[in-house]
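So the structure is just underneath, and the comments pick up after that.
Throughout, read-outs are computed from the coordinates displayed, never taken from laboratory work. Every value quoted in this text rests on a predicted model; they were computed, and no experiment measured them. Backbone-built Cβ (ideal geometry, glycine too); neighbour counts: all protein chains shown.
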Amino acid sequence: MRPPRSLAVILLVLLCTALPSAQRRTLDIYWIDVEGGAATLVVSPSGESLLYDAGWEVDGRDGKRIADVVKQAGLAKIDYFVLSHFHADHAGGLQELAKLVPIGRCFDRGDFIEPANQRWRDIYLAACASKRTILKAGDTIPMKGVQIDVVASNGQLMTKPLAGGGPNALCATADNKPAEGPENQFMVGSLFTYGKFRFLDLADLDWEKEMELACPVNRIGQVTIWQAGRHGALDGAGAPGLLYAIRPQVVIVNNGPRKGLGGPPAGSPTPLTQHYQRIAKTPGIEGIWQGHLSLLEKDKASNTSEDMIANFEESAECKGHWIRASIAPDGTFTITNGRNGFSKAYAAR
C-alpha cells in the first residue's frame, strides 16, 4: 500500500533536510587575523570546534573578529578553547569573545605566572575557571574525528616520538640558543592529525625548546602545515634543526603588518629577509601564506606571492581577512585567501 501523497511529501522533505548533516565534511582550519597575535579556529568533520588562542584585547577588536569567523563557519559555540600561554597577543581577546560566543571546555598550561602577565591569566580565569583542564605533555585533547596530541606544556615535552619521528641527522651541526623567559618555554604546543594530514601549532615556543623537541630525536616526524613560530619572527624560533626536520609542505605565517617576518633585535646585523628566506629554503616546501604583508620589509624577497597574503594595510585600515585550509579525508586540501578568494590545492604526503 502506497503512503498518502501528503505523507510522501513530508518524508521527502525530511530526507532532504537530513542529507547535508549526513554528508561527509572537511576538516577546516581558519587563521583569523589578529594583527600578529594568534587565533586559530579548527572545525572538525563532525562539526566540533576548537579555538587555539584569542588574539589581543585592543578595545574588543579581536574578540569580535573571532566571533565573526565563528559565525561564518556556521557555528553557534566554541566547544574547546586552548590557551597556549599567558601573553597579551594570545589571551587578550578572550574577554570580549566570551561575551559574544558560548565556550565549552578550556585547556591551559598551569598556574605559574609572572607578575607582568597576571592580567592575561585573570582574563582567562574569568572566562574559564569553572571549566578548565590543565594539560601535561603527552596528553590528548578530545575532538571527534581528529587526533590532538599535546607535545609541549608547562616547560615539559612529550617523551616518546610520534609516528614518523626518529633520529635527526641535522642535530650534529644545528645551532642552538639560550632559553628565553618562562612563557615562551611553557607553551602548550599541539599536533593535529587527520588521516595523512598533520598540522603543528607550537605557538611561541622558543628556539631552545624547539631544539629539545627535535634533538637528538625528532619527536614530531614530518608535518603537512606548520604555523610559523613566533608569528614568523625567526630570531627566537624556527630553529633549522626542527624546521628542516619536520619538513612542512605549507607554512602559515600569522604575522601582523609590523610584527613577525622581521624585526631583529636592535643593532643586529641580521637582515630582515632571513626570516622569510629560512622558511622558503625548507626542504619540500610547497607554499607559504601570510596574514599580512610585512611592512617592516616590503621587498619581494621578504614576502610570499601577493595572492597568498590576506592583508596589506596598517592595522588602523585593516579589514582582518582570514586564511582557511579545508582538508578532505584522503589528505588533499585547499588553502583559500579570504581577501581575494584565491585558492591552491595540495596533497598531504
Worksheet entry | Ranking of Cys171, Cys215, Cys106 by count of other Cβ atoms within 10 Å, fewest first | Cys171, Cys215, Cys106
Discussion item. Tell me whether segment 24-347 comes out rounded, prolate or oblate; compute the Cα gyration tensor, take square roots of the eigenvalues as a ≥ b ≥ c, and use a/c under 1.5 as the rounded threshold.
Written reply: rounded
Discussion item. I need to check one value: relative contact order of the chain, counting alpha carbon pairs closer than 8 Å and at least 6 residues apart, in percent.
Written reply: 14 percent
Discussion item. I'd like the antiparallel share, as a percent to the nearest 5, of DSSP beta bridges with both residues in the chain.
Written reply: 65 percent
Discussion item. Could you list Ser153, Ser302 so that the one with the fewest beta carbons within 10 Å of its beta carbon is first and the one with the most is last?
Written reply: Ser302, Ser153
Practice prompt. At a Cα cut-off below 18 Å, give the aspartates and glutamates reachable from Lys298, other chains included and same-chain residues fewer than 8 away excluded.
Written response: Glu35, Glu306, Asp307, Glu313, Glu314, Glu317
Item to complete: Return the subset of Lys136/Lys259; Lys144/Lys319; Lys77/Lys144 for which the Cα-Cα distance in this structure is over 25 Å, preserving the input order.
Response: Lys136/Lys259; Lys144/Lys319
Discussion item. Using 31 Å as the Cα-Cα cut-off, could you pick out the over-long pairs in Lys131/Lys281; Lys71/Lys209; Lys196/Lys281?
Written reply: Lys131/Lys281; Lys71/Lys209
